[in-house]
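Below you'll find the structure, written out as structure tokens, and then a few comments.
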Amino acid sequence: MSDTIGGSNHWYFGPSVIALGALSKRLGHPMAWFDRVSSSVSIEALPEKIKPRDLDALHQSIQRQLVPGQWGRFWGKDSFQYAPTVWTLCAAASTFDEILTAGARLSLLDSSAFVFSLQKNPETVRVTIYPVVALAEWQHLMLVQQLALGFPRLVANQNLVRSVVLSGCPKTLKQLAASEPSACHRSIAASEVVFDRATLALKNPAASESWEVITRSVIEPLMGLRLKQQSATYRVIKVLVDHCVVGAPLDMVSVAAALHTEKSTLRRRLKAEGQSFSRILAQFRVQEAGLRLLKDDDPVQISQSLGYQSVISLRRLLKDSEKIAV
């Protein structure tokens, strides 16, 4: 599905970019812009957004130096020794479950190009990554490896993960660890990591209430500011993701109400961005249906949960998206 929603693929000077910069430097190829920014003595000197060419150059520098398996090893082990991820920022939470829950709220620390979603069931906790725009393959891989390889190591439990989907394709943990990133391919398909909930309920031996309060007091205001700065397109996608988790309606009236605005106002704001609600909703439906069909979920139930009156409409949408992707 290459005809995806347009928009800027903004990445921030956040955990993932910091970790990438640390890896590049460790490999003997420090980036001048990264060293300049990371050595700033004032927070005001930090860039609000990372230039796409700088991010691409950073990845290319790393990719030229990596040996097979090193990318997965970094996100599964080494990154925690050199730089945080959104998950390590929440490592002081009281339980493993809460670390995951808190981290899932922090996608905007890294980028506005995707949204995290967390859904808890009696036996599992699912963390889904919904791209807002088509992400480079290496970005998909980085995010999923952080979550499926790095998070279990963070909490010292390697039996957490039940299943993994990378850009719409199921993977075993062994396959995921051995996967190599590519800068050439891009995908809008969603990714997902499913965790065992019983294990996540265990108490976190590294919990620290005071440290958690300090971290939250710094991060939450930044997240609130970042969300206010996002486009109407991003906000609509975020609401669709949140509504889907709780089974709320996905129609434009419901989404507008969640954004505390009128339907006509939302339509006007999306039009000013060159977008439409129907196009955004179609992209989300394709992403969500793709994940559910991998689990052999009932197509009728999938259709109804995504706001269709019949499964025919969903099948038509999926068929059209496949034609676009070819």
Item to check | Rounded tilt (10° steps) of 277-294 against the dominant C-alpha axis of the chain | outcome: 70
Checklist outcome for this item: Helix-only [θ] at 222 nm, the chain, -39500 (n - 2.57) per DSSP H run of 4+, per residue, nearest 500, equals -15000 deg cm²/dmol
Checklist entry - Does anyone have the angle between helix 209-228 and the longest principal axis of the chain? Alpha-carbon axes, 0 to 90°, nearest 10? => result 50
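Return the subset of Lys174/Lys203; Lys271/Lys319; Lys77/Lys238; Lys228/Lys263; Lys49/Lys171; Lys25/Lys171 for which the Cα-Cα distance in this structure is over 22 Å, preserving the input order. Let's see the in-between values first.
Numbers: Lys174/Lys203 27 Å; Lys271/Lys319 26 Å; Lys77/Lys238 30 Å; Lys228/Lys263 19 Å; Lys49/Lys171 32 Å; Lys25/Lys171 30 Å.
Correct reply: Lys174/Lys203; Lys271/Lys319; Lys77/Lys238; Lys49/Lys171; Lys25/Lys171.
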Checklist entry - Separation between the Arg316 and Lys295 pseudo-spin-labels, each 7 Å from Cα along Cα→Cβ, expressed in nm? => result 2.7
Checklist outcome for this item: Mean-square fluctuation maximum in Gaussian network of the chain, Cα pairs under 10 Å, restricted to Ser117, Ser210, Ser107, hits Ser210
Checklist entry - So what are the ³J(HN,Hα) numbers for the stretch 262-270, from phi and the Karplus equation (6.51, -1.76, 1.60; θ = phi - 60°), rounded to whole Hz, Gly and Pro as x? => result 8, 4, 5, 5, 5, 4, 5, 5, 5
Checklist entry - Amide H neighbours of Thr124 under 5 Å, counting only residues 5+ apart in sequence or on other chains, H built in-plane at 1.01 Å? => result Arg197
Next on the checklist: Using the crude model of +1 on Lys and Arg Cβ and -1 on Asp and Glu Cβ, and no other charge, please compute the dipole size for the chain relative to its Cα centre, in debye to 20.
Outcome noted: 480
Checklist outcome for this item: Among Ile188, Ile214, Ile129, the residue with the largest mean-square fluctuation in a Gaussian network model of the chain built from Cα contacts under 10 Å is Ile214
Checklist outcome for this item: Interchain or sequence-distant (5+) residues whose placed amide H lies within less than 5 Å of the amide H of Phe114 are Val132
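Computed from the coordinates by the stated procedures, all read-outs in this text should not be read as laboratory data. Note that the structure is a prediction, hence the values are computed from the model and not measured. Every residue, glycine among them, receives a Cβ derived from its backbone with ideal geometry; neighbour counts consider all protein chains shown.
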